[in-house]
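Here the structure is laid out as structure tokens; the discussion comes afterwards.
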Amino acid sequence: MAVSGFLGWLNLRNVGVTVIFPDEIYDGKETLVTIRLVNRKPLLPAFLLRVEVSGREALFPLVERAGADSDCVMLTFHGRGAKLLEKATVFSPFPINFFVRRRSVAVVAPFTVFPAPRECLPGGGAGKKEARGEDFSRRKGFGGEVTAIRDYTGSDPLKLIHWRLSARHGELKVKEMAAPSEDPLVIDVLSLPGGALEENLSLAAYLVNRAVRANRPVGLKFGARIVRPDLTRTHRLRLLTELAVYGAR
Amino acid sequence: MVPVKAVLDILALLAALLGMAPLFPYLGRMPWLLFPAAVLWAVVASWKRFPPLRGWRATVLTGIFFLYYALQFSRDNVVEPAANLLAVLLSIRLAGEKIPRNYLQIYALSLFALATSTAFTLSGAFLVYLALLLLTIAVSLVLLTFFTVDSRLSLTRRGMRRVASVAAAMPAASVPLILLFFIILPRPQFPLWNFLSPSGDRTTGLGDRVEPGSSASVAEVATPALRARSSKLPRENLYWRGVVLNVLQGNAWVRGDVVEEEPRPPGNAVLVRQTVFPEATASPYLVALDTPWSMNGVRLEKSFDLVFRKKGAPGGRLNYDTASSVQGVIRTKAGIDREFYLRLPERLSPRILALGKSIGQRGGTDSGRLSLLEGYFHSAGFRYAKRDLPRSADPLDEFLFEKKAGNCEFFASSFAVLLRAAGVPSRLVGGYYGGEYNELGGYYLVSESMAHAWVEVFLEGAGWVRRDPSRFAAGFGGEGTFRHQGLLKKARLMVDSLSYFWNQAVITYDLDKQLRLFNAAGSAIRNLSFPSGLRQFMPVLLVAVLALAGFLFRKRRRWDSREERMVRNFLRLVARRYPHITVTPSTGLLELAELTGDPHVRRFADVRYGALYRDRKLTESERKLLQGIMRDVKQARGTSRRV
């Protein structure tokens, strides 16, 4: 009994836990989180460790000495905001299933839970495309109006060759066309139709994601503070973070 | 990948086999058949994935067998039904479904089976079985833990080896503890489990009847009869006295009432001191080197013909110290009852009677008659034999005048009869002759095959004198030794010394030895002596050791990290400040900040995690900041209390 107790104690010593969160975590939605267990014991493997993080467990049957292993668990977080996972519980019935020995391990993994997106119709209300006007971006594309005619460079797609002009000039001419685009969108979070603040944040999160997917630069407006519109992925995450931590400081 | 379940199944089988192996020869017929069948079934079933015996069927079977054996229980018959029941239960479990609880039952039943085997036989081999079984169970228990967590778990071969080796290290590591507990745990004066050992379990051993001609051959039984710790002695002195047979009834020598004839102690003759460890036997006679004068360590009865009889029930483990003189002579204080020692049976072969009479007439004195008889045995061409012994109605006659071949019983018996017929008082002594000296253990091993009988002749002026007529036979030279020679003999002796140490150190370890050990340890500590120079330095040394210990302790405290201590203190402060919130050492700082809504706590958490998250220590200014926060919290607490 004494020996097994000692072995159980030894088994839980010198283990470290790191938790790797995905980039996007939404309030109340299941997310796959990676738990990495590091066995820092120089001589002994770590046996049959279970790691509990926020109520879910990952099982590590055997981690070699001075080795590491990873496992994934589905986690759901509630409440938006910047959060910190401070500790995980490591426990094990090893060596003999008489007692379960447990120990909490400092993890210190910060993560942000974004507001859960809630569907809403895009800004400008329901209306026909014509009514809202149409715009083209400054980037080149295929779907828009012809913006210029220039000489064929050899790398242009054949469908862009302007056959009529080419015939007239005696050399190949190609059309340059604009990509269809929509107006940069700035969402005034506080005036969204959700009512309560949390509702508005959820609507805004949905709108941000939808706008970026639709290739539309998007920004945010909280009262007087404005985050300028842009279209990159990092920008989108920044916007979602703004929504997540709004009002926290 | 190796499935944990497969390994568990194999180990469960192994455990069952190890537990049952020593018990198996003592089982009744049903478990004797059932157990191998169950083992076979278990192997085939796990190979071919047969559905196991499960649920109510196993329960009903268990119940039936339990009833069957429970009816056989009685006060005198405890062990056998228990052993059979254990075997049957183990068989059912082996054939049955394998869930964690059933595995545990298999281990427990195997251990019980092994423990039960000690009621039938106690040998050093038990230790080997026990060690192997404990090892198997330790590894199994660890694997079972894996199995309980996830029954479909598989490990790599390498991983499995790791698990097994660490698990096997467990019993190895517990050996020192086991030894410690064995030595210090209190031990009762009397064996607790004696009632479990059937009293007549061993029929071999010294009988109180010698009847030549009762069987055609003598079995060669090599089981040990006794071991005696002793210095090495000349071979001709190795007579181990057991019982004296003084009455001849027909062909049989038996022990009659001993006629009072107090022996005279050997005076200043050198005594050989030995400690005798007899094997468990049904015989009440305590064997010792001839001629034993005193015996200590066991409750006994000593008769005047120096036969020592154990008081109380026979059997059980014991040992005793003896002191013997080796001249082979017992002097008496007064004379003896000559008539008693000359008595002959009514029916005696006329040829024997005639031979005795003639020797009596020709001899003149008793010693003259003895030499004549010895001359007769020497010259008549007797041969020592253990097979094809005389078995006619008058076996002694047949032995002396026709076959001229027999074992010690014939020699001793006829020698004593002829002496009595010649008018010389004589009696038979039963015991052992010979022994193999074990240099390793420093003891003699005497086996049952060395059982022997010889004659004591009473000579006026000298006393009872030992005479061994078998010595006159051709072919007696090899008696009293082991048949095997060379390597085999060495191996045998080696194994036997293990058995000897086991007996000595474990089986006969009792309260007395325990107390002696404690006394010895106590006096060793009291008399601990240091060189005189060291004694002066002792205080200095002591101070140095204490200082080092203190330094290490402080250092360890520092390793515990000032920051962690700070956090602990802070948590305690907050807990006092907000008594309605339960704060445990595992409460996170941010969690606490949220719970209390206290900006102090929030600031503290930010600073602390700011450092921790960047994996660096707190800077001096940060530490000061935290201390400031703690002061603030303390003051806030003070004000709130005043309000």
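The values are calculated or read from the model by the stated rules, or taken from the named source; none is laboratory data. Bear in mind that the values here come from a model prediction, so they are computed numbers and not experimental data. When we count neighbours, we look across all protein chains shown, and the Cβ atoms used for this are built from the backbone with ideal geometry, even at glycine.
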If we take the range B:246-304, then strands (runs of 3 or more DSSP E) inside it with 2 or more residues that are of a type in the set (D, E, K, R) are B:300-302
Restricting to the range B:330-352, what's the tally of residues that are surrounded by fewer than 16 Cβ atoms within 10 Å (Cβ to Cβ) and in a helix (DSSP H, G or I)?
4
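Yes or no: A:Pro122 more than 14 Å from chain B (Cβ to nearest Cβ) and modelled with pLDDT of 85 or more?
Working: more than 14 Å from chain B (Cβ to nearest Cβ): yes; modelled with pLDDT of 85 or more: no.
Here the answer is no, as A:Pro122 does not meet what is asked.
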Looking at the range B:320-336, can you tell me whether even one residue there is among the charged types (D, E, K, R) and farther than 21 Å from B:Ala225 by Cβ?
yes
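May I ask you to verify whether A:His162 is at pLDDT below 90, within 14 Å of chain B (Cβ to nearest Cβ) and in contact with a strand residue (DSSP E or B) (Cβ under 9 Å, 6 or more places away or on another chain)? Show your work before the answer.
Numbers: at pLDDT below 90: yes; within 14 Å of chain B (Cβ to nearest Cβ): no; in contact with a strand residue (DSSP E or B) (Cβ under 9 Å, 6 or more places away or on another chain): yes.
It is false that A:His162 is at pLDDT below 90, within 14 Å of chain B (Cβ to nearest Cβ) and in contact with a strand residue (DSSP E or B) (Cβ under 9 Å, 6 or more places away or on another chain).
Residues being more than 10 Å from chain B (Cβ to nearest Cβ) and farther than 14 Å from A:Arg13 by Cα: count how many of those fall in the range A:89-99. Give the steps one after another, and end with the answer.
Of the range A:89-99, the ones more than 10 Å from chain B (Cβ to nearest Cβ) are A:90-91, A:99.
If we keep only those that are farther than 14 Å from A:Arg13 by Cα as well, we get A:99.
Residues in the range A:89-99 being more than 10 Å from chain B (Cβ to nearest Cβ) and farther than 14 Å from A:Arg13 by Cα: 1 in total.
How about the range A:165-249: which strands (runs of 3 or more DSSP E) wholly inside it have at least 1 residues that are over 20 Å from A:Cys120 (Cα atoms)? Don't jump to the end; show me each part of the working.
Numbers: elements: A:173-181, A:185-188, A:218-222, A:225-230.
Once the strands (runs of 3 or more DSSP E) in the range A:165-249 are filtered for at least 1 residues that are over 20 Å from A:Cys120 (Cα atoms), what remains is A:173-181, A:225-230.
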Checking A:Met177 against (1) in contact with a Gly (Cβ under 9 Å, 6 or more places away or on another chain); (2) without any contact (Cβ under 8 Å) to a residue 40 or more places away in the chain; (3) within 22 Å of A:Tyr26 (Cα to Cα), the condition it does not meet:
(3)
For the range A:21-43, check the following and say yes or no: at least one residue is within 11 Å of another protein chain (Cβ to nearest Cβ) and farther than 24 Å from B:Gly588 by Cα.
yes
Run B:Arg338 past the list (1) touching a Phe, Trp or Tyr at 6+ places or on another chain (Cβ under 7 Å); (2) in contact (Cβ under 8 Å) with a residue 12 or more places away in the chain and report the number of the one that doesn't hold.
(1)
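Name every residue in the range B:116-172 that is hydroxyl-bearing (Ser, Thr, Tyr), within 13 Å of chain A (Cβ to nearest Cβ) and surrounded by fewer than 20 Cβ atoms within 10 Å (Cβ to Cβ), in order of residue number. Step through it out loud before you land on a result.
As a first pass, look at the range B:116-172 and keep what is hydroxyl-bearing (Ser, Thr, Tyr): B:116-118, B:121, B:123, B:129, B:136, B:140, B:145, B:148, B:151, B:154, B:156, B:165.
Then drop every residue that is not within 13 Å of chain A (Cβ to nearest Cβ), which leaves B:140, B:145, B:148, B:151, B:154, B:156, B:165.
Result: B:Thr148, B:Ser151, B:Ser154, B:Thr156, B:Ser165.
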B:Ser367 meets each of (1) farther than 23 Å from B:Asp394 by Cβ; (2) part of a loop (DSSP other than H, G, I, E, B) with one exception, condition (2)
Here is a check on your reading of the model: is A:Val51 within 19 Å of the chain's Cα centre (by Cα) and not basic (Lys, Arg)?
no
Take B:Pro314 and decide whether it is modelled with pLDDT of 85 or more and of a type outside the set (Asp, Glu).
no
Out of (1) closer than 26 Å to B:Val44 by Cβ; (2) touching a residue at least 40 places away in the same chain (Cβ under 8 Å); (3) of a type in the set (Gly, Ala, Ser), what's the single condition that is false for B:Ala108?
(2)
Identify, please: which residue in the range A:51-88 is among the small types (Gly, Ala, Ser) and away from chain B (no Cβ under 14 Å) and is, among those, surrounded by the most Cβ atoms within 10 Å (Cβ to Cβ)?
A:Ala68
Residues that are among the aliphatic types (A, V, I, L, M), more than 26 Å from B:Arg161 (Cα to Cα) and crowded, with 20+ Cβ neighbours inside 10 Å, drawn from the range A:20-50:
A:Ile25, A:Val33
